[in-house]
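Chemist: Please find one structure pasted underneath; my questions will follow.
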Amino acid sequence: MEDQIRAEFKKNNFILVEEEEILKKCLTFCINYNLSPSDLVSSWDLYSINRQLELVVSDAHMDAFHQQLQSEQKQAIIEKEQGLHSYTDVTMELDEDHEDAKEIVPTSPTGQTNVHLDSFDVTPMQHSLGKPLELVTPFGQRKDKFVVHSTFNTLPTVHEIKMEKGEEGSEDDVIKRVQPIKSCSLEVHSSQPAPGCRYMYDRIEDKFNYLEDKIMKYSKAMVASQLYEEPVDPSVASQKSIFAVGMICCEEEGRLKEKPIMLQSSVEHSGGQRVRLDLQKLDQFSLFPGQVVGIEGHNPSGHYLIATKIVDNVPLSVPDDENIRQKKRQAVDQDNKPADLSDITSDLSMIIASGPYTTTDNLFFEPLSDLLAYAQRKQPQLLILLGPFIDSEHPEIKKGALNRTYDDLFRLEILRRLQDYVEYMGSAARVILVPSIRDAHHDYVFPQAAFDMNIADLNRQITCITNPGMISANKVKVGCCSVDVLKQLSMDVVSRGIKNRMNTLTSHLLSQRSFYPLYPPAEDTPVDLSLAPEALQMSSVPDILIVPSDLTHFVKVLRLEGTSEGGEEVKCMCVNPGRLARGEGGGHFVELNFHVTPDSSSASVIRI
């Protein structure tokens, strides 16, 4: 088996430094944990990405890698042993000792009533699940609270910049602290798919049209840039150098392998024919299934296209259809009327977090409560929360150990806390909610419609957008997608000569102008291309791209090849806030202050 492990590492372009020792330990791991060589290398791949290691496998990391394998096996055993419906001791204690919990938690499964937020007392310290005040949870006992884990630029905040410009008076510090924040403008760029839309009507024709349109748009953009000639059929034998555009695909099921990688051209150029790619002459590349690329090379035999250059980014000099985007855009001010954007500067303060919002040992939603308490002190203009909110992977939800509906749980535990937050912050506070395919109370489909909320007097302050979705706040474009596309890409990408793999994975989204460029999609991602395939595309490169992932959290600025029409270099601030809750402990979130450009902005990754 050692030869198979060695071959699997080599296939994924890893270099074994102390080969004999590493192979012995990896063989032990495979035997002890019943792993195949492919599974072992996949686990190492995630381990190396999370720790931002290069493609060198060292014996010094084997002990830490062993601990990760143990954690994965332990988690798998716990999930496998999850039983059926059962009432925990905490639930029984609540029912016996706390009458206020009985009033809020319905105990009869026969009757179901609609939950209205206005009928509840919104005292911030009261929890609908009736958590006993004397009950101390592991999350409540954590020590490192609100510790800054990493920072991007140490620059003045938006509030400090305004102070320097003299936009603040000389009031007393207490008056400044309670002074309401300045409202930000808000534009929602798309509202598709619409709430209540029908799905599971995905046809082969829809998939074909989506892929063909994707390849043709890329081809037209290449020609329009005047940098490349008209694409030709890459499957026709030719001794001359040619330029072809097509989609990367795998010849067989499973993960993409360097041999053989196929290029599928458009129906217009080649009738949709596929041709094998020979990448031996390339020193550097990064490819994944569904990626649309331009390839320069020649095909002397008609069987292999020998690539000499790969172009994997859409030229930025090609303008987008602004008229189409303008029709889809909804600009609203604090009175829900069209906003005047002429006097707005590109300054924005925000806090970004991604679910789960409660720990795995209970449904008290303590991390969310602490996050909102932190936001009340910092007073950001925008609070962006990405799902899952009611996590379908939570042990209690998987066991069915609830005596209420998922919608009720969402309204009681999430929306009521947000109602407390916006009432405390005042009319200028804005909250953005992005759903997740892991939300038990929402449609399991991607792209995903926004939450359908009918809350009196809160629609102006709490805005629900689609997944993925794009908004503009104070002229700052923000793109959001709650699907863990980075992790999925890391499992399917084939690369050579890439130094910073995390940067490369994130830049794939920008270069492809897509929130989800992977095709075929991962097994646990229910992509339905009959809904709104244009929702997966980025109409333009955002200033901030939020992509939550189980991979290591980060805030970084990526520079795209090419320039915009104005001749300026195009940059994007990419953010992975991590997960707010991890197991029984706390995770991370991001506090970000955007000022004019990504390079002049600052951000901090903070442990909850």
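The values are calculated or read from the model by the stated rules, or taken from the named source; none is laboratory data. Computed from a predicted model, the values in this text were never measured in an experiment. Neighbour counts are summed over all protein chains in view; Cβ atoms, including those assigned to glycine, are modelled from backbone coordinates with ideal geometry. We work out accessible area using only protein heavy atoms, side chains counted, and drop any ligands, DNA or RNA first. Shrake-Rupley method; radii C 1.70, N 1.55, O 1.52, S 1.80 Å.
Chemist: Can you list residue pairs whose Cβ atoms sit under 9 Å apart, with the first residue in region 203-221 being at pLDDT 90 or above and the second being of a type in the set (A, V, I, L, M, F, W, C) and assigned to a helix (DSSP H, G or I)? Count only pairs 6 or more apart in sequence or on different chains.
Modeler: Going by the 9 Å Cβ cut-off, the qualifying pairs are PHE208/VAL267; TYR210/LEU536; GLU212/VAL267; ILE215/VAL267; MET216/VAL267.
Chemist: Please go through region 507-538 and pick out each residue that is β-branched (Val, Ile, Thr) and in a loop (DSSP other than H, G, I, E, B).
Modeler: THR525
Chemist: What pairs come out if I take residues in region 41-65 that are closer than 16 Å to ILE498 by Cα and pair them with residues that are surrounded by fewer than 18 Cβ atoms within 10 Å (Cβ to Cβ) and of a type in the set (Asp, Glu) whose C-beta lies under 9 Å away, six or more apart or interchain?
Modeler: The qualifying pairs are LEU46/ASP550; SER48/GLU54; ASN50/ASP550; VAL57/GLU18; VAL57/GLU19.
Chemist: Of all residues being in a loop (DSSP other than H, G, I, E, B), open to solvent by less than 10 Å² (accessible area, probe 1.4 Å) and aliphatic (A, V, I, L, M) in region 539-559, which is nearest to LYS487 (Cα to Cα)? Just the residue, please.
Modeler: Filtering first and then ranking leaves LEU551.
Chemist: Are any residues in region 452-507 among the small types (Gly, Ala, Ser) and either in contact with an Asp or Glu (Cβ under 8 Å, 6 or more places away or on another chain) or farther than 17 Å from LEU256 by Cα (or both), and if so, which ones?
Modeler: Those that are among the small types (Gly, Ala, Ser) and either in contact with an Asp or Glu (Cβ under 8 Å, 6 or more places away or on another chain) or farther than 17 Å from LEU256 by Cα (or both): ALA456, GLY469, SER472, ALA473, GLY479, SER482, SER490, GLY497, SER507.
Table: residues versus (1) in a helix (DSSP H, G or I); (2) surrounded by 13 or more Cβ atoms within 10 Å (Cβ to Cβ).
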| residue | (1), (2) |
| --- | --- |
| LEU23 | yes, yes |
| ASN32 | yes, no |
| LEU35 | no, yes |
| LEU40 | yes, yes |
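Chemist: If a residue must be under 25 Å from ILE181 (Cα atoms), open to solvent by less than 10 Å² (accessible area, probe 1.4 Å) and either in a helix (DSSP H, G or I) or at pLDDT below 95 (or both), how many such residues does region 353-371 contain?
Modeler: Total meeting the criteria: 3.
Chemist: Residue check: is ASP452 assigned to a helix (DSSP H, G or I), open to solvent by 10 Å² or more (accessible area, probe 1.4 Å), at pLDDT below 95 and more than 13 Å from GLY387 (Cβ to Cβ)?
Modeler: no
Chemist: A further question on this structure: Which of the following residues is open to solvent by 10 Å² or more (accessible area, probe 1.4 Å) and modelled with pLDDT of 95 or more: ASP457, ASP484?
Modeler: Criteria check complete, one pass: ASP484.
Chemist: Next question. Report whether or not ALA535 is among the hydrophobic types (A, V, I, L, M, F, W, C), under 28 Å from VAL314 (Cβ atoms) and open to solvent by 10 Å² or more (accessible area, probe 1.4 Å).
Modeler: yes
Chemist: At pLDDT below 95, more than 16 Å from the chain's Cα centre (by Cα), farther than 26 Å from CYS184 by Cα and of a type in the set (A, V, I, L, M): is that true of LEU551 in this structure?
Modeler: no
Chemist: Then there's this: Can you report the number of residues in region 270-293 which are open to solvent by less than 40 Å² (accessible area, probe 1.4 Å), farther than 19 Å from GLN239 by Cβ and over 27 Å from the mean Cα position of the chain (by Cα)?
Modeler: Qualifying residue count for the region: 3.
Condition check ((1) open to solvent by 60 Å² or more (accessible area, probe 1.4 Å); (2) in a helix (DSSP H, G or I); (3) over 21 Å from LEU23 (Cα atoms); (4) modelled with pLDDT of 75 or more) across all residues:
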site: TRP44; (1), (2), (3), (4): no, yes, no, yes
site: LEU53; (1), (2), (3), (4): no, no, no, yes
site: MET62; (1), (2), (3), (4): no, yes, no, yes
site: PHE65; (1), (2), (3), (4): no, yes, no, yes
site: LEU69; (1), (2), (3), (4): no, yes, no, yes
site: GLN75; (1), (2), (3), (4): yes, yes, yes, no
site: ILE78; (1), (2), (3), (4): yes, yes, yes, no
site: GLY83; (1), (2), (3), (4): no, no, yes, no
